[in-house]
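Comments concern the structure below.
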Amino acid sequence: MGNCLRTKELNRRATVISKVNRPVTKKKDEIEKDIPFHRVTQTHHYTVRYPDHPPRKETATYRKAHKALCIDDENAHCFICSVTKNRGSEANHFVEEKTEVNSMLSLDGGGKTKPPLDGGGKGRPPLDGGGKTKPPLESHHFYCEKAAELAIDWIKFGKIAKNLHHIVTGVCIGDQFDWEEVAKNPEIFVDSVHNMIVLCKEHHIGAKGGIHHLPFPVWILQMAPKDGFTFIE
């Protein structure tokens, strides 16, 4: 009987110690209660006019830039959430847990995984040394969309660019180009690393987190929210 009571007491103490040492984690709802918030519903409808242009093709300049930024650079990471091709995000994606993988890999109608795109629209998954597919990173034309390049006054842009620094590297863009040459062939700048930032698929083209869908002042808020807080729902 004594041994039985002693065993029960030891088990009880072990349980108490376990509870004390267990990390305290808050659920998302509990965290958001710590930050009072209100909702603002926004609806945007507009028509964008692009200059007529030839069918889009992946240029050699773009391939070189994308390779340098998203494939060759072992430290490449999403500008917003810091996810890399080698590890998961340390920040919060705006995705449900069950769809986190699907934010990185597209699925076909039957639920089978398709190879991620390499940024140029081709189904070539980036591979690691062992041949395993890594989460893809994508290159985004940041200062000028490819479709708009024929309607930009590049001489005027070049003058503005003297005081324009790349949002990631801090490099002065105006010092990098002969803008008269850019005016003749816009891809020199538009498809270069100086017009690119690296994003994950969710923050590039995701419906609820992508730069192609959200106003910039809202999109950029995702860069550094307090732990557990989401700006977009």
Flagged pairs (Cβ under 9 angstrom, 6 or more apart or on separate chains; first in the range 50-66, free of Cβ contacts under 8 Å to residues at least 60 places away in the same chain and at positive phi; second outside any loop (DSSP other than H, G, I, E, B) and of a type in the set (S, T, N, Q)) are none
Over the range 147-163, the set of residues surrounded by 17 or more Cβ atoms within 10 Å (Cβ to Cβ) and within 27 Å of the chain's Cα centre (by Cα) is Glu149, Ile152, Phe157, Ala161
Query raised in the report: Is it true that some residue in the range 68-91 is farther than 15 Å from Ile197 by Cβ, at pLDDT 90 or above, in contact with a helix residue (DSSP H, G or I) (Cβ under 7 Å, 6 or more places away or on another chain) and assigned to a loop (DSSP other than H, G, I, E, B)?
Result: no
Restricted to the range 30-55 and to residues being under 24 Å from the mean Cα position of the chain (by Cα) and surrounded by 11 or more Cβ atoms within 10 Å (Cβ to Cβ), the residue farthest from Ala147 (Cα to Cα) is Ile31
>> Is it the case, given these coordinates, that Ala161 is in a loop (DSSP other than H, G, I, E, B) and free of Cβ contacts under 8 Å to residues at least 24 places away in the same chain?
In response: no
Taking the range 190-212 and keeping only residues that are part of a loop (DSSP other than H, G, I, E, B) and either surrounded by fewer than 23 Cβ atoms within 10 Å (Cβ to Cβ) or of a type outside the set (Gly, Ala, Ser) (or both), one is left with Asp191, Ser192, Cys200, Gly206, Ala207, Lys208, Gly210, Ile211, His212
With criteria (1) touching a helix residue (DSSP H, G or I) at 6+ places or on another chain (Cβ under 8 Å); (2) at pLDDT below 65; (3) not in a loop (DSSP other than H, G, I, E, B); (4) not β-branched (Val, Ile, Thr), Pro116 comes up short on (3)
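The values are calculated or read from the model by the stated rules, or taken from the named source; none is laboratory data. Keep in mind the model is a prediction, meaning the values are calculated, not measured. Glycine also receives a Cβ, built like all others from the backbone with ideal geometry; neighbour counts cover every protein chain displayed.
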